[in-house]
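Chemist: Handing you this structure, nothing more for now.
The values are calculated or read from the model by the stated rules, or taken from the named source; none is laboratory data. What you are looking at is a predicted structure, and each value in this text was computed from that prediction instead of being measured. A quick note on method: Cβ atoms are made from the backbone with ideal geometry, for glycine too, and the neighbour counts reach across all protein chains shown. Protein only, heavy atoms only, side chains kept; ligands, DNA and RNA dropped before computing areas. Shrake-Rupley method; radii C 1.70, N 1.55, O 1.52, S 1.80 Å.
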Amino acid sequence: MSLNIPFIIALDGPAASGKGTLARKLAEYYNLALLDTGILYRAVGWNVINSDGNPEKETDALKAIEKLPDTDLQNPALRSESTGAAASKVAAIPAVRKALRDFQRQFAYNPPENKAGTILDGRDIGTVICPETPYKLFITADVKTRAKRRFLEEFGESGTEEDLENILEDLIVRDERDTNRPMSPLKKAEDALLIDTTNSSIEAVFEEAVSFISNKKK
Ligand code: DC
């Protein structure tokens, strides 16, 4: 590891792939500061919807970015699939990505003093935000499995078949938009470790990630 580059883990993958859970476990294990970059796009999407704007319109999205310092990132509404859809729309606008890029890099390269480094999870961390780090992971899972996970998170025991179908459709549309946008699409960096979590426990995924990172550190 170069002396100038802090320990940064870049964790990318599609919605509900399990990357959030893995990110939290890795952050705890390695004592890293964690940034869930999706929450930034979600907050922008949420602010646009709340001011009756159009998440596909650049001027509306840029106005929403200005409100970020006053946005409660802990608001549970930010986690819903409908906010995810708005986030995916604002995230396809190049000016939005540019505006959020510096903040993400600042975070990545300046871990708080009591932390050993940082971990960022998102879609373009390994390819665009922190391509310099050797510690890159790409987490994925079958879309039906991901829909089921998101459904249980959002509705618990009270969800219906229709709710599940709606989430599945949203995820398919979101994957398609995130993967095919011209700027910083969702993409595995060439040197990232690919982990498919469809049939794996979180413990198994965690161990695979740790073993990859430890081998790189040697
Ligand atoms: O990871 P998430 O589901 O919270 O992300 C919500 C949306 O934000 C996702 O569909 C695409 C966008 N996003 C992005 O484009 N780049 C990132 N680094 C993180 C999220």
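Chemist: Calculate the spin-label point distance for Asn180 paired with Asn166, positioning each point 7 Å from the Cα along the beta-carbon direction, and give it in nanometres.
Modeler: 2.4 nm
Chemist: Carbon and sulfur together cover what percent of the accessible area of the chain at a 1.4 Å probe radius?
Modeler: It is 51 percent, rounded to a whole number.
Chemist: Same structure again: For the chain, what is the per residue volume of the convex hull drawn over the alpha-carbon atoms, in cubic angstrom?
Modeler: 126 Å³
Chemist: Using the C-alpha atoms of the stretch 149-218, what convex hull volume per residue, in cubic angstrom, is computed?
Modeler: Numbers: hull volume 8.5 nm³, N = 70.
Per residue, the Cα convex hull of the stretch 149-218 comes to 122 Å³.
Chemist: Check Leu193: other-chain or 5+ apart residues with amide H under 5 Å from its amide H, H built from backbone geometry?
Modeler: The list, which skips near neighbours in sequence, is Lys136, Leu137, Phe138.
Chemist: Okay, moving on. Ranked from highest to lowest mean number of other Cβ atoms within 10 Å per residue, what is the order of the peptides 157-166, 53-62, 143-152, 98-107?
Modeler: Per-residue Cβ counts within 10 Å, averaged per peptide and sorted highest first, yield 143-152, 53-62, 98-107, 157-166.
Chemist: Oh, and also: Using 28 Å as the Cα-Cα cut-off, could you pick out the over-long pairs in Lys148/Lys218; Lys187/Lys216; Lys63/Lys148?
Modeler: Over 28 Å Cα-Cα: Lys148/Lys218; Lys63/Lys148.
Chemist: Using each residue's phi in the stretch 183-193, evaluate 6.51 cos²θ - 1.76 cosθ + 1.60 at θ = phi - 60° and report the 3J(HN,Hα) Karplus result to the nearest Hz, with x for Gly and Pro.
Modeler: 9, 6, x, 5, 7, 6, 5, 4, 9, 7, 7
Chemist: Might you tell me the accessible area per residue for the chain, computed with a 1.4 Å probe and given in Å²?
Modeler: 51 Å²
Chemist: Ok, one more. Mind checking Rg over Rh on the stretch 1-92, alpha carbons, Kirkwood formula for Rh? Walk me through the numbers before you get to the answer.
Modeler: Values: Rg = 15.1 Å, Rh = 14.5 Å.
Using only Cα positions, Rg/Rh for the stretch 1-92 is 1.04.
Chemist: For Ala141, what residues show an amide H to amide H distance below 5 Å, using hydrogens built from the backbone and excluding near sequence neighbours?
Modeler: Distant-sequence amide H within range of Ala141: Thr197.
Chemist: Could you give each residue of the stretch 80-86 its phi-based ³J(HN,Hα) in whole Hz, using Karplus coefficients 6.51, -1.76, 1.60 with θ = phi - 60°, and x for Gly or Pro?
Modeler: 5, 5, 5, 5, x, 5, 5
Chemist: Per DSSP H run of at least 4 residues, take -39500 (n - 2.57); add these up for the chain, divide by its residues and hand me the 222 nm value, nearest 500 deg cm²/dmol.
Modeler: Value at 222 nm, helices only: -16000 deg cm²/dmol.
Chemist: Shifting gears a bit: Output wanted: per-residue J couplings in Hz (rounded whole) for the stretch 96-108, from phi through Karplus 6.51 cos²θ - 1.76 cosθ + 1.60, θ = phi - 60°, x for Gly and Pro.
Modeler: Using θ = phi - 60°, the values come out as 5, 4, 4, 5, 8, 5, 4, 4, 5, 5, 4, 4, 4 Hz.
Chemist: Further question on the same structure: Between Glu153 and Ser211, how high is the FRET efficiency from 1/(1 + (r/R0)^6) when r is the Cβ-Cβ distance and R₀ = 25 Å? Nearest 0.05.
Modeler: In this case the efficiency is close to 0.35.
Chemist: Hey, another quick one. Given 10 °C and 1.306 mPa s, compute D for the stretch 52-111 with the Stokes-Einstein relation, Rh being the Kirkwood radius over Cα pairs; round to the nearest whole µm²/s.
Modeler: Translational D for this selection: 127 µm²/s.
Chemist: Return the distance in nm (one decimal) between the two label points of a simple spin-label model at Glu56 and Ser80, each offset 7 Å from Cα along Cα→Cβ.
Modeler: Inter-label distance under the simple model: 2.1 nm.
Chemist: Excluding residues on the same chain fewer than 8 positions from Lys217, give the lysines whose Cα lies under 23 Å from its Cα.
Modeler: Lys19, Lys25, Lys115, Lys136, Lys188
Chemist: With N set to the number of residues, divide the alpha-carbon radius of gyration of the stretch 60-170 by 2.2 N^0.38 Å and report two decimals.
Modeler: Dividing the Cα Rg of the stretch 60-170 by 2.2 N^0.38 Å gives 1.26.
Chemist: A further question follows. What is the set of long-range amide H partners of Ile9 at a cut-off below 5 Å, with H atoms built 1.01 Å from backbone N?
Modeler: Long-range HN contacts for Ile9: Thr118, Ile119, Leu120.
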